[in-house]
Amino acid sequence: MNLLVPTNWDKELIKSLGKIKASIQVYGVLPTSIIGSGGSGPDIPQMTTTEAEEYIKLVHSAGLTFNYLLNAPCLNNMEWDRDTHRKLLHHLEWLSNAGVNGVTVAIPYLMELIKRQFPHLKVEVSTIAHVNSVARARFFEALGVDAIMLDANINRDFKLLKAIRSAVNCELSVLTNSLCLYQCPYENYHYNTLGHASQIPHPLNGAYMDYPVFHCTLARFTDPAQFIKSRWIRPEDISAYQEIGIDFFKIAGRMMTTEWIVNAVEAYSSLNYPGNLGDILYIPPPKFQYMGQDLTRAQMATIASLPKVYIDNQALDGFLGYFKRKNCPADCEHCEYCQKVADKAVRFTRYEVDKYTAVLRECLDRLTSSRLFEAREQSDIESVINRL
């Protein structure tokens, strides 16, 4: 079992991972960098580069390898600026000297640059690059990449997964536990938002609004079938992907606690998780990083506390068979499979959800009406947030 495991930069996490019987590659990233990443910078512990170097040594001492995320989908064309390009190369040199084993990248140019100037680094294509066809997989392999993290949207398209496996020789990985919406229309915008928020320098210094997550969270709670349509993979179904020839299984959750990460890793390494599958699926709450002020932690406890969702994993035994027998038509108006599964397996408290979704709708209303941006005085901003 080959697992890609997130780190929250807690040293205790590495001690726990070293005891698990699996081949583990740890992945992580510092809050901000010249390249940035596809995650929320403010949620990542602040560390110096020296501290990060020591942490990578700790990973190696535990018999694990380290993959560093360079998967922002856009550099705002600054990669073509001479000074910025020099800083980019300096960052890559630091990673090389720090002993990282590989990097995950979303921008094709960076993949080629790294393979040419830092050939000892293993380069993996990020899921953000949306490798969802044989043609796209071949194109990326031709750039010299060593591994491809496939688009999670094709996780249950077994005919396509087999075709891609037959078409390329590089390693293939799948994301196991993301609750992102299937074919989410906000996905590209969301990754761009996070990428720019984690880049330095940037005019807004990390400020961003989780508009996409407001919408996708609303979609899940107003249509519970979305919890099933998301292309997660149960620990019990990993063998179906190993039979195809998938090499690595990536666990999302680098903003989560050490206890949560270890629980998820143990579940996937043991190929079994009785009880609530929602315990190991990654569903981050919406975040406000409004003009550099962390209103999420300071004043928005309601939004930060997602309602508890119970997904009965035992009720999902045999669930994947439908997708293995036939390709998902993605015509939900005429196919009620996921809805029927959700009726059987997904449970939450309606009162809590109604209260929570009302808050999200209020946030979206203030964003789209521009009222949030009219609160220029701090007292006005506080009153807006407190009313939520």
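Please treat every number below as a calculation from the coordinates, not as lab data. Only a predicted model underlies this, so the values are computations on that prediction, with no experimental measurement involved. Here the Cβ positions follow ideal geometry from the backbone for every residue, glycine too, while neighbour counts run over all protein chains shown.
Using θ = phi - 60° in the Karplus curve 6.51 cos²θ - 1.76 cosθ + 1.60, the 3J(HN,Hα) couplings for the stretch 83-94 round to 5, 5, 4, 5, 5, 4, 5, 4, 5, 5, 5, 4 Hz; x is entered for Gly and Pro. First select every other residue whose beta carbon is under 9 angstrom from the beta carbon of LEU181; then total the charges, Lys and Arg +1, Asp and Glu -1. Charge balance near LEU181 sits at +1. Here the stretch 2-387 carries DSSP beta bridges of which approximately 15% are antiparallel, counting only pairs with both residues inside. Listing ILE244, ILE280, ILE14 from fewest to most neighbouring C-beta atoms within 10 Å gives ILE244, ILE14, ILE280.
Sorting 156-163, 361-368 by average packing, meaning the other beta carbons within 10 Å per residue, from highest down gives 156-163, 361-368.
Can you tell me how the stretch 105-263 classifies by the Cα gyration tensor, rounded, prolate or oblate, using a/c under 1.5 as the rounded cut?
Oblate, because a/c is 1.5 or more while a/b does not exceed b/c.
What does the charge add up to near ASN153, with Lys and Arg as +1, Asp and Glu as -1, over the other residues with Cβ less than 13 Å from its Cβ? Residues close to ASN153 contribute a combined charge of +1. Along the axis of the charge dipole computed for the stretch 158-281 (Cβ charges of +1 for Lys and Arg, -1 for Asp and Glu, origin at the Cα centre), the listed residues GLN226, TYR268, GLY253 are led at the positive end by GLN226.
Each residue in TRP232, TRP260 was given a count of other beta-carbon atoms within 10 angstrom of its own, and listing them fewest first yields TRP260, TRP232. Relative to one another, the C-alpha centroids of the stretch 152-179 and the stretch 321-354 are positioned 22 Å apart. Given the alternatives [x] 95, 41, 40; [y] 55, 53, 40; [z] 78, 53, 47, Cα extents along the principal axes in Å as computed for this entry is given by [y].
Around MET78, under 13 Å between beta carbons, what's the net of Lys plus Arg minus Asp minus Glu among the other residues? The answer is 0.
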